[in-house]
Amino acid sequence: MSLRIDDRVSLDDWEMTEQFVRSSGPGGQNVNKVNTAVELRFEAARSPNLSGPQKARLKRLAGRRWTQDGAVVIFAQDERSQARNRDIARDRLAELVRSALHEPKRRRKTRPTLGSVRRRLEGKKQRGEVKKLRGRVDP
């Protein structure tokens, strides 16, 4: 079952592998017996569904979760249920890839208006006068 990101992009099953491990934290006696935590691994570098710039943005957004071999590792152990942790991990991956698909707008250089520069300098001048009046008073 593929993971749908948006209308144009969906991740295939072969790109993702899941591994279930023991979870830390609450769970009572169940915590020592059942592998409820999910480690979802997405082979981002080999994915044909993402373009080069999208992969670069994903690598920057993933940070420490990006491995040496170009995979994104998502770890989820929030719930006691394995199925719920699996859904959480898939949702986190989808949100991460969705944010990498969004191309940021390029910044245009702008200059402050002449009036705003004058107002700023006038404010600084008034502030300096106020501070100057705080000094000792000569008799």
Run the helix sum for the chain: -39,500 (n - 2.57) per DSSP H stretch of 4+ residues, divided by residue count, reported at 222 nm to the nearest 500 deg cm²/dmol. -12000 deg cm²/dmol
May I ask for the distance between the Cα centers of the stretch 1-23 and the stretch 92-132, given as a whole number of Å? 39
Straight-line reach from Lys125: which lysines have a Cα under 23 Å away, not including same-chain ones fewer than 8 places off? none
Let me see the pair-distance distribution of the chain: every alpha carbon pair, 5 Å bin width, integer percents in order. 2, 9, 14, 14, 11, 8, 6, 5, 4, 5, 6, 6, 6, 4, 2, 1, 0, 0
Which residue, Val97, Val73, Val117, has the most motion in a Gaussian network model of the chain that connects Cα atoms within less than 10 Å? Val117
Pull up the cross-link candidates among the lysines for Lys55, meaning alpha carbon to alpha carbon under 19 Å and not fewer than 8 places away within one chain. Lys105
Reachable aspartates and glutamates from Lys132, Cα under 16 Å, same-chain residues fewer than 8 places away excluded? Glu122
Distance in nm between label sites at Thr110 and Val34, each 7 Å beyond Cα in the beta-carbon direction? 5.5
Assuming 0.36 nm per residue, please report the length gained on full extension of the stretch Arg127 to Arg84 beyond their Cα-Cα distance. 9.7 nm
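A short reminder: the numbers here are calculations on the coordinates, not readings from a lab. Quantities reported herein were computed from a predicted structural model and do not represent experimental measurements. We place every Cβ from the backbone using ideal geometry, glycine too, and count neighbours over all the protein chains shown.
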